[in-house]
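One structure is given here, and the rest of the page talks about it.
The values are calculated or read from the model by the stated rules, or taken from the named source; none is laboratory data. The structure displayed is predicted, hence computed values, not measured ones. Every residue, glycine among them, receives a Cβ derived from its backbone with ideal geometry; neighbour counts consider all protein chains shown. Remember, those area values only see protein heavy atoms, side chains included, never the ligands or the DNA or RNA. Shrake-Rupley method; radii C 1.70, N 1.55, O 1.52, S 1.80 Å.
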Amino acid sequence: MLKEVVDYIRDSKYIVVLTGAGISTESGLPDFRSNGGLWDGKKPEEISHSSAVGSTAFKHFFTKRIVNINEHKPNNAHEILADWEAAGKVKAIVTQNIDSFHQDAGSKRVIEMHGHLRNLKCNICGTEYNNSKYLQDDSDECEVKGCKGIVRPEVVLFGEYLPEDAWFQANEEISKADLVMVLGTSLQVFPFNTLVESAYSNGAKIVLITKSETPFDYVATVRIHDSIGKVLKEISCGL
Ligand SMILES: [Zn+2]
């Protein structure tokens with residue numbers, strides 16, 4: 001099965017990679033539903049909802065995420081993808097992750113569908129702050145005189161639309177792809193999961209590597225249930 005993937009990679013001219021939480025949990029980063037489950041009696045989906053901006057639970061939730069990310073590093077799966085990009089094979093990575101691990105590993109062309117946690121931004125005047133503001137400050141109020149805004153992460157919250165430019169770019173990349181590798185995403189989140197369907201309708205080969213089942217397993221040319229790091233390493237050795 002891996003020999004097949006090695007051949008696909010060799011033969012392909014335009015590889016696009018879609019990644020989700022599973023690639024970073026292999027670094028030890030807890031996925032966002034972890035961290036002890038409930039926050040002030042609410043689910044992570046409720047806490048990271050646009051209507052929760054400004055609440056203590058919201059700030060605690062994202063502070064904890066920033067701490068988690070700072071405590072972990074990209075793993076060899078991120079590094080192998082960066083190597084494949086440098087070698088001209090991978091043209092873009094479209095990620096649901098907000099941890100910047102792809103960039104930290106050296107990937108250049110990363111399309112972040114759900115934003116990132118590198119910095120924070122005032123929801124009224126747009127002033128940017130380093131994410132350390134959440135770690136050091138008790139307050140999430142904007143420091144600009146006269147502004148009554150709240151400083152929030154540059155992530156797409158539940159209840160918000162995906163960034164239009166990222167969505168446009170992702171579709172553009174998918175339309176050019178002859179091989180799409182889907183790594184560590186359960187493909188539950190709409191409209192991210194429709195990218196896989198588009199790739200399938202365009203005739204691209206699809207290699208799907210996740211531990212759990214996905215609703216899109218039927219479009220996979222090759223389906224592997226295993227550790228991403230382990231599988232990519234084996235593929236890399238065969239290239
Ligand atoms: Zn402001």
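Looking only at residues in the stretch 97-109 that are open to solvent by 30 Å² or more (accessible area, probe 1.4 Å) and in contact with a strand residue (DSSP E or B) (Cβ under 9 Å, 6 or more places away or on another chain), the one that is nearest to VAL180 (Cα to Cα) is ARG109.
State whether one or more residues within the stretch 74-89 are open to solvent by 30 Å² or more (accessible area, probe 1.4 Å), at pLDDT 95 or above, over 21 Å from the mean Cα position of the chain (by Cα) and among the hydrophobic types (A, V, I, L, M, F, W, C). Yes: the stretch 74-89 contains one or more residues that are open to solvent by 30 Å² or more (accessible area, probe 1.4 Å), at pLDDT 95 or above, over 21 Å from the mean Cα position of the chain (by Cα) and among the hydrophobic types (A, V, I, L, M, F, W, C). The number of residues in the stretch 152-168 that are among the β-branched types (Val, Ile, Thr) and either over 22 Å from the mean Cα position of the chain (by Cα) or part of a loop (DSSP other than H, G, I, E, B) (or both) comes to 1. The set of residues in the stretch 129-138 that are surrounded by fewer than 16 Cβ atoms within 10 Å (Cβ to Cβ) and either within 10 Å of the ligand (Cβ to nearest atom) or outside any strand (DSSP E or B) (or both) comprises SER132, LEU135, GLN136, ASP137, ASP138.
Residue by residue, here is whether (1) touching a residue at least 60 places away in the same chain (Cβ under 8 Å); (2) within 26 Å of SER198 (Cβ to Cβ); (3) assigned to a helix (DSSP H, G or I); (4) hydroxyl-bearing (Ser, Thr, Tyr) holds:
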{"position": "VAL6", "(1), (2), (3), (4)": "yes, yes, yes, no"}
{"position": "GLY28", "(1), (2), (3), (4)": "no, no, no, no"}
{"position": "PHE61", "(1), (2), (3), (4)": "no, no, yes, no"}
{"position": "HIS78", "(1), (2), (3), (4)": "no, yes, yes, no"}
{"position": "LEU81", "(1), (2), (3), (4)": "yes, yes, yes, no"}
{"position": "TRP84", "(1), (2), (3), (4)": "yes, yes, yes, no"}
